[in-house]
Amino acid sequence: MNRLAVFVEGYTEVIFVTRLLEEIAGEKHVRIEWRKIQGGTKTKRSSALVRAAKPDTGQMYYVLVFDCGGDRLVKPRIVEEHANLTRKGYQRIIGLRDVRPDYSHTTMGDLLAMLKKYVKTSLIPVDFILAVLEIEAWFLSETKHFAIIDPAITVSAIKAALGFDPEHDDMQQRLMPAEDLSDCYAIGGKVYEKHNAQLTVNALQFEHVYMGLVNKLAPLKRLVEIIEEFLAS
């Protein structure tokens, strides 16, 4: 069975990556397990099971998704688990995290260089994906989901109320995408909260995400490419 590990900063990324994997691979072909890593510096590190993988019915692919509990912890968690995952036969590791609040458009290069530093190239490959500036920029760009959240949330209403066009503008240039998304939802009397993003992820039109948005969002395109390479291995 081919094995992939994905380290993300939090719950929003966990449910997005899980849905993306299931949409691309098909639920019948991939087993996905969630774990949350806790502790480390002053307390004993532990990896708690959040959602067990489905029973093995002959699926060819297995993905272990780690919730690292914060953007700054994505790289340290990968470094801690790198050798162990290599020994267990994993083929690849992905690290997905936001750029803000600690970095900006002008310092993204510094962040990427820091992430790659001291990652052992003798072990399985590690790919870092940066959602610019937050994964909510991807959600903003998927404008088809707004009507599912509430019919009042239209692109024209967003342009009139908030002064930007999520369909044609580059949402990666927005400075606070999560706040923008919350403002968009408010047009329909709804609320977006990072810790409770299941409603948004359920509403996303994933055919548009991985066949249309990849042409606008280079980091998302790279993420999809890596997943497709894994599924083709």
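Read-outs: derived from the displayed coordinates by stated rules, not from any lab. Because the structure is a prediction, the values reported are computed rather than measured. Don't worry about glycine lacking a Cβ; one is built from the backbone with ideal geometry, like all the others, and counts go over all protein chains shown.
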Where labels lie 7 Å past Cα in the beta-carbon direction, separation of residue 106 and residue 225 in nm: 2.9
In sequence order, calculated HN-Hα J values of region 190-196 (Karplus, 6.51, -1.76, 1.60; Hz; x Gly/Pro): 10, 10, 10, 9, 4, 7, 9
Filtered trypsin sites (Lys or Arg not before Pro), region 105-198: DSSP coil and at most 15 other beta carbons within 10 Å: 117, 120
Mean residue ellipticity (222 nm) of the chain, computed from DSSP H runs ≥ 4 via -39,500 (n - 2.57), nearest 500: -11500 deg cm²/dmol
Theoretical gain in end-to-end length, residue 186 to residue 208 [0.36 nm per residue, Cα-Cα removed]: 5.6 nm
Ascending count of other beta-carbon atoms within 10 Å, so fewest first, for 200, 107: 107, 200
Value of relative contact order over region 76-149, rounded to a whole percent, pairs C-alpha under 8 Å and six or more apart: 40
Normalised contact order of region 137-202, rounded percent, pairs of Cα under 8 Å and 6 or more residues apart: 39
Of (i) 19.0; (ii) 17.7; (iii) 18.4, the label for Kirkwood radius over Cα pairs in Å derived from the coordinates: (iii)
Mean separation of Cα contacts under 8 Å, 6 or more apart, over the residue count of the chain: relative contact order %: 21
Lys/Arg +1, Asp/Glu -1 at C-beta; region 137-202 dipole; positive extreme among 198, 143, 156: 198
Above-threshold pairs, the threshold being 28 Å between Cα atoms, out of 54/194; 54/88; 54/116; 159/216: 54/116
Fewest-first ranking of 77, 222, using other Cβ atoms within 10 Å as the exposure measure: 222, 77
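Please arrange 184, 68 by counting, for each residue, the other beta carbons lying within 10 Å of its beta carbon, fewest first.
Going from least to most buried by this count: 68, 184.
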Rounded to the nearest 20 debye, dipole of region 137-202 from Cβ charges on Lys, Arg, Asp, Glu: 160
